[in-house]
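In what follows, a structure is listed as structure tokens, so that the remarks can point back to it.
The values are calculated or read from the model by the stated rules, or taken from the named source; none is laboratory data. None of these values were measured; they are calculated from a predicted model. Please note: Cβ atoms are built from the backbone with ideal geometry, for glycine as well, and neighbour counts cover all protein chains shown.
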Amino acid sequence: MKETHLTPCDNKNTTHYTTALTAAEADSIKPEPLSRQTSTNAEAADQGPAKKAHARMNYIAVSAGRMTRRSFLQTASLVALSCRTARVHAARASAGAPGQPPALRPVMLRPITLNINGKRHQLLIEPRVTLLDALREYIGLSGTKKGCDRGQCGACTVLADGRRINSCLTLAIMQQDAAITTIEGIGSINALHPMQAAFLEKDAFQCGYCTPGQICSAIAALDEAAGGAPSAVTSDVRSATVNLSDAEIAERMSGNLCRCGAYSNIVEAVRMVAQGKAGTARRRT
Ligand code: FES
Ligand code: FES
């Protein structure tokens with residue numbers, strides 16, 4: 001005797017069922033009468049897609065012995081579609097009324113402590129806040145700039161334990177153990193860092209938006225070179241010393257973009273510091 005398996009659909013709001021007939025079983029089923037099929041379709045025509053499939057499925061449940069392979073496959077597709085449609089409607093209903101924004105979920109704030117320029121800052125922030133936003137929006141250190149906010153321009157460069165990082169690409173909560181240095185912590189107004197003095201001396205900026213990131217990056221780049229770290233243009237990567245040619249400086253600074261195109265002057269400024277020729281000039285007024 002032929003057995004038809006009925007399994008409940010996973011949508012709790014409906015009573016759809018899916019059938020598990022084999023292909024041989026489906027082939028042996030006779031076609032349903034055209035008049036019956038037409039009336040069923042007509043009844044369902046003014047209903048929604050889920051109800052249409054439901055009506056179609058109910059019909060099949062009682063007349064499974066007269067299905068063709070084609071009608072079986074069509075019906076199975078309809079049932080799957082109706083289940084999906086019902087889930088989408090349920091999701092929309094839980095998101096809020098049509099035209100209304102979805103309900104906001106409460107966000108869990110986390111207490112964190114950041115060591116910025118030698119000073120500890122205690123914050124209560126969402127875990128998803130980037131270090132860049134923590135610096136600018138929560139601590140008020142706006143010297144670090146937001147350019148692309150996706151790790152492509154270098155405007156947000158800061159030092160973490162002396163190494164340069166893009167602060168837009170790291171979460172503040174991840175940097176609690178690091179000593180962060182921003183442009184505000186490099187030199188002071190009356191005692192500039194040599195790199196700041198060199199940028200002034202060589203006129204290595206125009207609008208200045210990229211400059212905090214450029215200076216932080218340049219300081220770390222010189223430290224990297226002094227430590228013998230090779231770059232993509234280093235001719236002898238086994239050498240313990242790096243000859244800081246203009247090509248080396250440009251390559252090592254290539255992660256910092258300057259929309260004003262002050263690159264040649266930036267290279268000059270970095271070279272000046274590398275050669276120990278930069279002083280700690282006072283800020284121009
Ligand atoms: S703002 Fe971080 S890399 Fe551009
Ligand atoms: S000085 Fe304007 S972006 Fe670099």
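Descriptive notes on the structure:
- Candidate set from segment 208-239 (those that are within 16 Å of ligand 1 (Cβ to nearest atom) and in a loop (DSSP other than H, G, I, E, B)); member that is nearest to residue 154 (Cα to Cα): 210
- Members of segment 225-279 that are exposed (fewer than 14 other Cβ atoms within 10 Å of the Cβ) and touching a helix residue (DSSP H, G or I) at 6+ places or on another chain (Cβ under 7 Å): 232, 233, 246, 279
- Every condition in (1) within 16 Å of ligand 2 (Cβ to nearest atom); (2) modelled with pLDDT under 95 is met by residue 144 except one, and the failing one is (2).
- Which numbered condition residue 176 misses (of (1) out of contact with any Leu (no Cβ under 7 Å at 6 or more places or on another chain); (2) in the same structural domain as residue 151 (by TED's automatic domain parsing)): (1)
- Taken together, the residues in segment 240-283 that are within 20 Å of residue 157 (Cα to Cα) and part of a loop (DSSP other than H, G, I, E, B) amount to 10.
- Test result for residue 232, under 30 Å from the mean Cα position of the chain (by Cα) and either closer than 21 Å to residue 142 by Cβ or assigned by TED's automatic domain parsing to the domain that holds residue 113 (or both): no
- With respect to being of a type in the set (D, E, K, R), closer than 29 Å to residue 273 by Cβ and more than 13 Å from ligand 1 (Cβ to nearest atom), residue 136 falls outside the description.
To keep it simple, each residue is scored yes or no on (1) within 26 Å of the chain's Cα centre (by Cα); (2) at pLDDT below 60; (3) within 30 Å of residue 139 (Cβ to Cβ); (4) assigned to a loop (DSSP other than H, G, I, E, B).
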site: 50; (1), (2), (3), (4): no, yes, no, no
site: 71; (1), (2), (3), (4): no, no, no, no
site: 75; (1), (2), (3), (4): no, no, no, no
site: 80; (1), (2), (3), (4): no, no, no, no
site: 94; (1), (2), (3), (4): yes, yes, no, no
site: 102; (1), (2), (3), (4): yes, no, no, yes
site: 105; (1), (2), (3), (4): yes, no, yes, yes
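- Of all residues in segment 191-222, those being away from ligand 2 (no atom under 16 Å from the Cβ) and more than 17 Å from residue 117 (Cα to Cα) number 4.
- Residue in segment 157-169 that is within 6 Å of ligand 1 (Cβ to nearest atom), assigned by TED's automatic domain parsing to the domain that holds residue 112 and not in a strand (DSSP E or B) present: yes
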